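The values are calculated or read from the model by the stated rules, or taken from the named source; none is laboratory data. Fair warning: this is a prediction, and the values are worked out from it, not measured in the lab. Note that each Cβ is placed from the backbone with ideal geometry, even for glycine, and that neighbours are counted across all protein chains shown.
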């Protein structure tokens, strides 16, 4: 699906719609890349593309995006979680664990129980990754 608009939210929405179908991964990545190209200071776009890279085994590609997203929006637990996952994915475990601690320091009452549960699952994955012998 091609979107020709200049509004990055359209590309983020397309990426969200495509996220449930692995057969559209290339289109999803392209939509996220267009959103970042159109709005390079949009923390949501940066974080979404960073998370895509992290969850597709390309943490090194996601790391600079995650860092920038957190610079723009430092108090967002989801962006910190993405940064922690990217750091763990490239073997920077002490930094990853520190970032993950920050996730729960900044998570507020406004975080839904489902979102909090998701953050806890990500925390456990990061701890497992960092506990693996090859991470040390």
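The table that follows gives values for the structure above.
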{"item": "Candidate set from the stretch 45-63 (those that are in a helix (DSSP H, G or I) and surrounded by fewer than 19 Cβ atoms within 10 Å (Cβ to Cβ)); member that is modelled with the lowest pLDDT", "result": "55"}
{"item": "Answer residue from the stretch 90-106, given it is out of contact with any helix residue (DSSP H, G or I) (no Cβ under 7 Å at 6 or more places or on another chain) and part of a helix (DSSP H, G or I) and is farthest from residue 47 (Cα to Cα) among those", "result": "94"}
{"item": "Residue 31 over 19 Å from residue 96 (Cβ atoms) and crowded, with 21+ Cβ neighbours inside 10 Å", "result": "yes"}
{"item": "Flag for residue 87 being closer than 23 Å to residue 45 by Cα and either in contact (Cβ under 8 Å) with a residue 40 or more places away in the chain or not in a loop (DSSP other than H, G, I, E, B) (or both)", "result": "yes"}
{"item": "Residues of the stretch 110-136 satisfying the condition of being at pLDDT below 90, surrounded by 10 or more Cβ atoms within 10 Å (Cβ to Cβ) and over 21 Å from residue 89 (Cβ atoms)", "result": "111"}
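Yes/no matrix, rows are residues, columns are (1) surrounded by 15 or more Cβ atoms within 10 Å (Cβ to Cβ); (2) outside any helix (DSSP H, G or I); (3) modelled with pLDDT under 95; (4) out of contact with any helix residue (DSSP H, G or I) (no Cβ under 6 Å at 6 or more places or on another chain):
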| residue | (1), (2), (3), (4) |
| --- | --- |
| 23 | no, no, yes, yes |
| 40 | no, yes, no, yes |
| 65 | yes, no, no, no |
| 74 | no, yes, yes, yes |
| 78 | yes, no, no, yes |
| 108 | no, yes, yes, yes |
